[in-house]
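S.K.: Sharing a structure, written as structure tokens. Questions coming.
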């Protein structure tokens, strides 16, 4: 195993950032959802914009398995089925866009998706008590399409999905369970596009992701403990500020 690890020719910093990313993704699936957005610019700065997206996707899927297993009974499929067609449309548009641009432009687009996600995250927190449940079809269509585009470009659709689910006034467990199943399905659907269209997932990158499973599992359990320990408002401020600074480095 040691020889296999050395064969990747990664720096110590890259190994550390990859492990930290697995830890943070695990934490994001057990209640600290905002922290997942931090991983996008961290990996992009360490591995490059386009390669980092393919490297992150299997890590997200592994973490989705934990979330789906834990909250399986609480999903409301009517919301998932309402968003899926629009999300798939957004993914297909993003696949074409991402394949047609340079790596530098891709990194900037990735940063833009993260910044948009942060803006939605902050706006959602400010307006959460005043939100009305949108009944029009354009709401699901616009958020579903934006979420699909954001998740394909940068695995950064969390805030978009959170905005939709929050507006539905779902109880906590249903909120988490519905989101867990949605992202599990969406992330799995992106795998063939990353393998054959963008070629950002290879056998070597997948094996590298497998090494992150212990970090993901640790993060999942650590997140449960940390939610009870830290004041949520202070933690969210730290996450938003650090994520925004990291994203700006991509421009």
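The values are calculated or read from the model by the stated rules, or taken from the named source; none is laboratory data. Quick caveat: nothing in here was measured; it's all calculated off a predicted structure. So basically every Cβ, Gly included, is an ideal-geometry build from the backbone, and we count neighbours across all protein chains shown.
S.K.: Can you find even one residue in the stretch 103-117 that is in contact with a helix residue (DSSP H, G or I) (Cβ under 7 Å, 6 or more places away or on another chain), surrounded by fewer than 13 Cβ atoms within 10 Å (Cβ to Cβ), at pLDDT below 85 and part of a loop (DSSP other than H, G, I, E, B)?
M.R.: Scanning the stretch 103-117, I find no residue that is in contact with a helix residue (DSSP H, G or I) (Cβ under 7 Å, 6 or more places away or on another chain), surrounded by fewer than 13 Cβ atoms within 10 Å (Cβ to Cβ), at pLDDT below 85 and part of a loop (DSSP other than H, G, I, E, B), so the answer is no.
S.K.: What tally of residues in the stretch 81-97 results from selecting those that are surrounded by fewer than 19 Cβ atoms within 10 Å (Cβ to Cβ), within 18 Å of the chain's Cα centre (by Cα) and closer than 23 Å to residue 175 by Cα?
M.R.: Number of matching residues: 2.
S.K.: Of all helices (runs of 4 or more DSSP H) completely enclosed by the stretch 8-77, which ones contain at least 3 residues that are at positive phi and in contact (Cβ under 8 Å) with a residue 24 or more places away in the chain?
M.R.: Passing ranges: none, list empty.
S.K.: Among the residues of the stretch 126-135, is any out of contact with any strand residue (DSSP E or B) (no Cβ under 8 Å at 6 or more places or on another chain), in a helix (DSSP H, G or I) and surrounded by fewer than 20 Cβ atoms within 10 Å (Cβ to Cβ)?
M.R.: Checked against the condition, which is being out of contact with any strand residue (DSSP E or B) (no Cβ under 8 Å at 6 or more places or on another chain), in a helix (DSSP H, G or I) and surrounded by fewer than 20 Cβ atoms within 10 Å (Cβ to Cβ), the stretch 126-135 yields at least one hit.
S.K.: Another question, then. Which fully enclosed helices (runs of 4 or more DSSP H) of the stretch 165-251 have 3 or more residues being modelled with pLDDT of 90 or more and more than 30 Å from residue 141 (Cα to Cα)?
M.R.: Details: elements: 172-192, 203-210, 213-229, 232-248.
So the answer is 203-210, 213-229.
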